[in-house]
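As C-alpha cells, the structure follows; a few thoughts come after it.
The values are calculated or read from the model by the stated rules, or taken from the named source; none is laboratory data. Given the structure is predicted, the values throughout are model-derived calculations rather than measurements. Glycine also receives a Cβ, built like all others from the backbone with ideal geometry; neighbour counts cover every protein chain displayed. With ligands, DNA and RNA removed, areas are computed over all heavy atoms of the protein, side chains included. Shrake-Rupley method; radii C 1.70, N 1.55, O 1.52, S 1.80 Å.
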Amino acid sequence: MALLRKVNQVLLLLLIGTLCGIVYKKIRKGAVLRRETDAAAMTPEDGEEEIPVVICAAAGRMGAAMAAINSIYSNTDANIIFYVVGLRNTLPRIRKWIEHSKLREINFKIVEFNPVVLKGKIRPDASRPELLQPLNFVRFYLPLLIHQHEKVIYLDDDVIVQGDIQELYDTTLAVGHAAAFSDDCDFPPAQDIDKLVGLQNTYMGYLDYRKKTIKDLGISPSTCSFNPGVIVANMTEWKHQHITKQLEKWMQKNVEENLYSSSLGGGVATSPMLIVFHGKHSTINPLWHIRHLGWNPDARYSEHFLQEAKLLHWNGRHKPWDFLSVHNNLWESWFVPDPSGIFKLHHNS
C-alpha cells in the first residue's frame, strides 16, 4: 500500500508539472504574439497614416501657398503629403520654388488643374474678377484630382496653420456627411475682434432671394452660412453623393439665372457649396478656422485670441503679402522667398 501511495504521488506531481508546462507555454506564446502584433502596428507602413493636404498655387500669389505649406510642415510630426495644384504654365515654377528652398524636404505631388472643366459654368462678374480664377474652383473637383485617399484636407492659399494639422485631420464627420466646414455663427465674441461691420454670416448674404429658384430651395435666408476655405472631406461620400455634379448644376443655373454674384458675399465658389451642403455637413472646431483677417485693414483680433488660434485665414481683399492688412507679421514669419525672384512682398505702410 505504501508503495502504491508513493507511485500515485509521483504520478500526481508529474501531471501537475505537465499542466504547468502547458499553461506556461500558452501564456508565453500569447505574450510573444502580443509583442509581435504591437511591433507590427508600430511599423511606419501601418502605424503612420498619410495626411493629404490640397492647396492651390496660383501664378500671382504662389508665395501664399508656400507660406501655408511651410507653416503646416513646421508645426507637425505627422506624415503629410501636399498636393500642390496649379495650371499647366505654372507647374515648373511651383517645382522650382519647392525644390530650391527650405521646402525641399516636404513630401509633395504637383497636380495640374485643367480649366476646360469650367467651360460654360462661370458667369462673368466684373466686381471681383479674381474670384473667377480657375483654381478657385479646385475644391469642387477633389475626387478627380486625389484618388487614393479616403479623407482629404483642402485649404485656401491665404492661411497660416499654427497648430498640428493632425488635429484638423482628426475632425469627425457624421455618417452620410461628405465634408466638414466652419459655421459662420461660430464667430469670436465681440471683445476678441473689432470693426467687422457689414460682415455676412447668413445665406441672405450669398444668394439672391428675389429669384424663384432660390426661394424654392426652402432655405431660410437667416440660416448660418459656412466658409469653404478650410474643408475636411470624405472622398467616398463625395463620390457617392455626386457632389461635384451637384455643384456643377448650380454653377450652370447661375450662368442662366444669375442666382448669386460676388457683389453679394463675395461667394462665387461659396454659394453653390452653401446650397449643396445645406443641412448635410459636419463642423470644424472654430479655433481651426479663424477668418476674415483680410476683411478690413482696421479690424484686429486680440493678441490672446490669436495665440489660441490653430489656423488663421486672411480671406477678403486685404492680403498680408499685398496692400494693407492686419496681423501681417504672423504671415510673414512663414514666408519662403521665391528662388526665381518673381514674387515679392509689398510691405504694409
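Worth a mention:
- Flag for GLY205 being under 27 Å from the mean Cα position of the chain (by Cα), of a type in the set (Gly, Ala, Ser), open to solvent by less than 60 Å² (accessible area, probe 1.4 Å) and at pLDDT 95 or above: no
- In the range 311-346, the residues that are touching an Asp or Glu at 6+ places or on another chain (Cβ under 8 Å) and open to solvent by 60 Å² or more (accessible area, probe 1.4 Å): LYS344, HIS346
- Within the range 326-349, the set of residues being under 26 Å from the mean Cα position of the chain (by Cα) and more than 13 Å from ALA67 (Cβ to Cβ) comprises VAL326, HIS327.
- Flag for ASP157 being touching a helix residue (DSSP H, G or I) at 6+ places or on another chain (Cβ under 7 Å), of a type in the set (Asp, Glu), at pLDDT 95 or above and part of a loop (DSSP other than H, G, I, E, B): yes
- For LEU144, the test of being part of a helix (DSSP H, G or I), touching a residue at least 40 places away in the same chain (Cβ under 8 Å) and either open to solvent by less than 40 Å² (accessible area, probe 1.4 Å) or touching a Pro at 6+ places or on another chain (Cβ under 8 Å) (or both) is failed.
- GLU105 meets each of the listed conditions (1) open to solvent by 30 Å² or more (accessible area, probe 1.4 Å); (2) at pLDDT below 95; (3) on the phi < 0 side of the Ramachandran plot apart from (2).
- Residues in the range 244-267 that are β-branched (Val, Ile, Thr) and at pLDDT 95 or above: THR244 alone.
- Within the range 247-261, one or more residues are farther than 22 Å from LEU142 by Cα, touching a helix residue (DSSP H, G or I) at 6+ places or on another chain (Cβ under 7 Å) and crowded, with 19+ Cβ neighbours inside 10 Å.
- Within the option set GLY218, GLY163, being out of contact with any helix residue (DSSP H, G or I) (no Cβ under 9 Å at 6 or more places or on another chain) and at pLDDT 95 or above holds for one residue only, GLY218.
- Residues of the range 60-75 satisfying the condition of being open to solvent by 10 Å² or more (accessible area, probe 1.4 Å) and in contact with a strand residue (DSSP E or B) (Cβ under 8 Å, 6 or more places away or on another chain): TYR73, ASN75
- Each residue in the range 76-86 was checked for being more than 11 Å from ILE110 (Cβ to Cβ), touching a strand residue (DSSP E or B) at 6+ places or on another chain (Cβ under 7 Å) and not small (Gly, Ala, Ser), and 3 of them qualify.
- The set of residues in the range 103-124 that are closer than 30 Å to SER71 by Cα and touching a Leu at 6+ places or on another chain (Cβ under 8 Å) comprises ILE110, VAL111, GLU112, PHE113, PRO115.
- Flag for ALA126 being at pLDDT 95 or above and under 30 Å from VAL255 (Cα atoms): no
- Residue in the range 268-284 that is modelled with pLDDT under 95, hydroxyl-bearing (Ser, Thr, Tyr), surrounded by 21 or more Cβ atoms within 10 Å (Cβ to Cβ) and touching a helix residue (DSSP H, G or I) at 6+ places or on another chain (Cβ under 6 Å) present: no
- Here THR90 passes the criteria (1) assigned to a helix (DSSP H, G or I); (2) within 19 Å of PHE343 (Cβ to Cβ); (3) open to solvent by 30 Å² or more (accessible area, probe 1.4 Å); (4) touching a residue at least 24 places away in the same chain (Cβ under 8 Å) except the one numbered (3).
- Residues that are at pLDDT 95 or above and either outside any strand (DSSP E or B) or of a type in the set (Lys, Arg) (or both) within the range 224-243 comprise MET235, THR236, GLU237, TRP238, LYS239, HIS240, GLN241, HIS242, ILE243, listed in sequence order.
- Subset of the range 285-308 [assigned to a loop (DSSP other than H, G, I, E, B), at pLDDT below 85 and open to solvent by 10 Å² or more (accessible area, probe 1.4 Å)]: TRP295, ASN296, PRO297, ASP298
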